[in-house]
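Below is one structure, written out as structure tokens; the observations come after it.
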Amino acid sequence: MKRIYLSPPHLDGRERELLIRALESNWITTLGPEVEGFEEDIAKKIGIKGAVALASGTAGLHLALYMLKVGSGDEVLCSDLTFAASANAIIYCGANPVFIDSDRETWNISPELLEEELKYCAKNGKLPKAIVVVDLYGQCADYDRIIGVCSQYEVPIVEDAAEALGSTYKGKFAGTFGEIGIFSFNGNKIITTSGGGMLVSDNENYINRARFLSQQARDPAPHYEHSQIGFNYRLSNLLAAVGRAQLERLEEKVTKRREINLFYRRALADLPGIEFMPEATYGKSNCWLTVILISPEKFGSDRETVRLALEAENIEARPVWKPMHMQPVFKKFRIRGGEVSEDLFSRGLCLPSGTQMIGEDLVRITGVIKKCYKLNKK
Ligand SMILES: Cc1ncc(COP(=O)(O)O)c(C=O)c1O
């Protein structure tokens with residue numbers, strides 16, 4: 001039986017054509033017309049002033065915090081329920097993350113807990129240097145409320161929209177809500193360049209500085225002159241060509257992921273003990289991954305039993321991100337709340353959501369889940 005992966009790359013457009021064009025142009029380096037074109041395409045698509053193509057989303061997070069002058073001993077608030085890259089970038093800067101639990105309604109950072117934490121920080125006379133807000137599984141966080149509290153305390157937002165390209169919040173695209181936003185084009189994302197990322201901002205100073213820092217901070221001179229430390233974080237021109245072809249089909253990919261999500265919702269609607277990640281009414285998620293919660297007392301089996309039953313049928317499913325405060329490497333850092341993300345981790349399962357799946361694949365996947373329920377009811 002063919003393996004169904006969680007979210008594999010899907011090259012269904014002009015990738016080959018644009019890649020060959022890039023090869024033939026001989027711009028086989030980290031600059032060139034495809035890099036510039038990809039940056040313009042992304043900025044235009046999401047309605048932002050500037051974009052800088054990078055080797056990864058993680059590089060984008062690192063540069064964003066670095067440009068916000070996050071340094072040794074600073075604190076940076078961070079969504080607790082996320083992939084480790086969001087928090088790793090804080091550590092690269094020598095700072096300490098403070099994790100904030102999720103809101104049950106959106107699974108994103110809780111605006112109430114965020115406000116509590118900022119009040120606490122202000123009372124202690126040490127405000128965080130920045131906050132990393134994650135748009136989880138493609139759903140935007142509640143930006144009106146988050147921006148409201150953060151601007152009151154003048155804490156800049158870095159939007160980790162790694163998973164959320166094409167999603168919207170009140171009609172505005174993900175990635176545009178912070179001082180700086182980032183996307184990932186890692187192999188499992190809604191569009192991919194195999195590995196890659198983008199830093200975006202409406203502030204041209206950040207765009208110019210990110211471009212400068214990501215190219216080893218070369219000062220303008222005919223020889224190699226450096227007055228600052230830089231990074232080698234640029235995206236290859238060949239990969240940018242792949243990204244441009246992928247981006248041309250973003251709308252179709254969002255539509256397909258939303259259809260997959262709807263199929264699962266309908267197919268599993270009658271099963272007791274299954275809930276879906278709620279979609280907030282304030283926006284439209286790209287449904288990067290469809291995620292369910294399994295309550296063992298009602299469903300009869302737990303998340304892990306269902307995951308293993310899928311695996312036995314050659315279907316890849318993954319537990320929800322393990323919260324940062326539960327990770328051995330981040331245990332010593334502060335957490336505000338934590339019960340919601342722990343619960344989502346213990347019951348949450350990400351289902352295959354790749355855009356090349358066909359109806360048969362979805363029937364196969366939902367069939368296994370239904371069988372897990374029936375077996376327990378015998
Ligand atoms: C929420 C989140 N942040 C950051 C990243 C890091 O992106 P990259 O793998 O491109 O470095 C990812 C995905 O990989 C992610 O899911």
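Bear in mind that the values in this text are calculations on the coordinates, not laboratory data. Predicted, not measured: the structure shown is a model, and the values here were computed from it. We place every Cβ from the backbone using ideal geometry, glycine too, and count neighbours over all the protein chains shown.
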Review point. Can you tell me which residues in the stretch 271-295 are without any contact (Cβ under 8 Å) to a residue 24 or more places away in the chain and under 22 Å from I315 (Cα atoms)?
Key: E275, F276
Study note, to complete from the structure: Scanning the stretch 149-164 for residues that are more than 10 Å from the ligand (Cβ to nearest atom) and touching a Gly at 6+ places or on another chain (Cβ under 6 Å), the one farthest from A55 (Cα to Cα) turns out to be I157
Practice item. Inspect all residues belonging to the stretch 272-293 and state whether any of them is of a type outside the set (K, R), farther than 30 Å from E115 by Cα, crowded, with 20+ Cβ neighbours inside 10 Å and within 21 Å of the chain's Cα centre (by Cα). Key: no
Exercise for review: Return yes when P222 is free of Cβ contacts under 8 Å to residues at least 24 places away in the same chain and away from the ligand (no atom under 11 Å from the Cβ) and no when it is not.
Suggested key: yes
Check your understanding: How many residues are small (G, A, S) and closer than 16 Å to F38 by Cα if we restrict to the stretch 155-180?
Key -> 2
Exercise for review: List the number of the failed condition for G181; all other conditions in (1) within 13 Å of the ligand (Cβ to nearest atom); (2) out of contact with any helix residue (DSSP H, G or I) (no Cβ under 9 Å at 6 or more places or on another chain); (3) outside any loop (DSSP other than H, G, I, E, B) hold.
Suggested key: (2)
Point to revise | From the options S167, S194, residue that is within 16 Å of the ligand (Cβ to nearest atom) and touching a Lys or Arg at 6+ places or on another chain (Cβ under 7 Å) | key: S167
Check your understanding: Do we have I146 as aliphatic (A, V, I, L, M) and more than 15 Å from the ligand (Cβ to nearest atom) here?
Key -> yes
Study note, to complete from the structure: Out of (1) out of contact with any Lys or Arg (no Cβ under 9 Å at 6 or more places or on another chain); (2) aromatic (F, W, Y); (3) more than 16 Å from the ligand (Cβ to nearest atom), the one F173 does not meet is (1)
Check your understanding: Can we say F177 is within 30 Å of L238 (Cβ to Cβ) and not polar (S, T, N, Q)?
Key -> no
Review point. Here is a list of conditions, (1) among the aromatic types (F, W, Y); (2) in contact with a helix residue (DSSP H, G or I) (Cβ under 9 Å, 6 or more places away or on another chain); (3) in a loop (DSSP other than H, G, I, E, B), and Y224 meets all of them except one; can you say which number that is?
Key: (2)
Check your understanding: Somewhere in the stretch 332-341, is a residue more than 15 Å from P97 (Cβ to Cβ) and surrounded by fewer than 17 Cβ atoms within 10 Å (Cβ to Cβ)?
Key -> yes
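Matching residues to (1) under 28 Å from K172 (Cβ atoms); (2) touching a residue at least 24 places away in the same chain (Cβ under 8 Å); (3) within 16 Å of the ligand (Cβ to nearest atom); (4) part of a helix (DSSP H, G or I):
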| site | (1), (2), (3), (4) |
| --- | --- |
| D12 | yes, yes, no, no |
| L19 | no, yes, no, yes |
| A22 | no, yes, no, yes |
| I28 | no, yes, no, no |
| E36 | yes, no, no, yes |
| E40 | yes, no, no, yes |
| K45 | yes, yes, no, yes |
| A51 | yes, yes, yes, no |
**Study point:** Residue list for the stretch 319-378, restricted to those being β-branched (V, I, T) and closer than 28 Å to H10 by Cβ
**Key:** V320, T355, I358, V363, I365, T366, V368, I369
Revision key, fill the gap. Picked from the stretch 197-218 (must be within 16 Å of the ligand (Cβ to nearest atom) and not aliphatic (A, V, I, L, M)), the residue nearest to L289 (Cα to Cα) is G197
